[in-house]
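Visitor: Take this structure first; my questions come after.
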Amino acid sequence: MKNLIFNLLLFALGIYAIYEQSKPEPNKIIMFVAFALFMIGLFRIMKKIPSKKDKEDLDNE
């Protein structure tokens, strides 16, 4: 449930950031927060994907 809420929140903020960027004078604070949350979301996704280097190390043993 927690992941679902977090994912929906990230999606909604992403849509709002795109809308904000289309304005003639986008709010810099909103753009910064949207970028920071985007990076946090990428980090959470990358944390779940195993590293290719780790797989190669296991094959060599």
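Visitor: Where the second residue is part of a helix (DSSP H, G or I) and open to solvent by 100 Å² or more (accessible area, probe 1.4 Å) and the first is more than 21 Å from I5 (Cβ to Cβ) and among the aliphatic types (A, V, I, L, M) and lies in segment 28-52, which pairs have Cβ atoms under 8 Å and are six or more apart or on separate chains?
Guide: Cβ pairs passing all conditions: M31/Q21.
Visitor: Could you check segment 23-32 and list, in sequence order, the residues that are exposed (fewer than 14 other Cβ atoms within 10 Å of the Cβ) and in contact with a helix residue (DSSP H, G or I) (Cβ under 8 Å, 6 or more places away or on another chain)? Walk me through how you get there before you give the answer.
Guide: If we filter segment 23-32 for residues that are exposed (fewer than 14 other Cβ atoms within 10 Å of the Cβ), which is where we start, we get 23-25, 27-29, 31-32.
Residues satisfying the conditions are N27, M31.
Visitor: Please go through segment 25-61 and pick out each residue that is modelled with pLDDT of 80 or more and polar (S, T, N, Q).
Guide: Once the filter is applied, which keeps residues that are modelled with pLDDT of 80 or more and polar (S, T, N, Q), segment 25-61 yields only N27.
Visitor: Say we look at segment 8-22 and pick out the residues that are open to solvent by 70 Å² or more (accessible area, probe 1.4 Å) and not β-branched (V, I, T); which of these is farthest from the chain's Cα centre (by Cα)? Don't jump to the end; show me each part of the working.
Guide: Here is the first cut: in segment 8-22, the ones open to solvent by 70 Å² or more (accessible area, probe 1.4 Å) are 8-9, 11, 15-16, 18-19, 21-22.
Pick out the ones that are also not β-branched (V, I, T) and you get 8-9, 11, 16, 19, 21-22.
Numbers: L8: 12, L9: 11, F11: 9, Y16: 14, Y19: 17, Q21: 17, S22: 20 Å.
Looking at the filtered set, the residue picked out is S22.
The values are calculated or read from the model by the stated rules, or taken from the named source; none is laboratory data. Only a predicted model underlies this, so the values are computations on that prediction, with no experimental measurement involved. Note that each Cβ is placed from the backbone with ideal geometry, even for glycine, and that neighbours are counted across all protein chains shown. When the accessible area is computed, the model is the full protein with side chains, heavy atoms only, and any ligands, DNA or RNA have been set aside. Shrake-Rupley method; radii C 1.70, N 1.55, O 1.52, S 1.80 Å.
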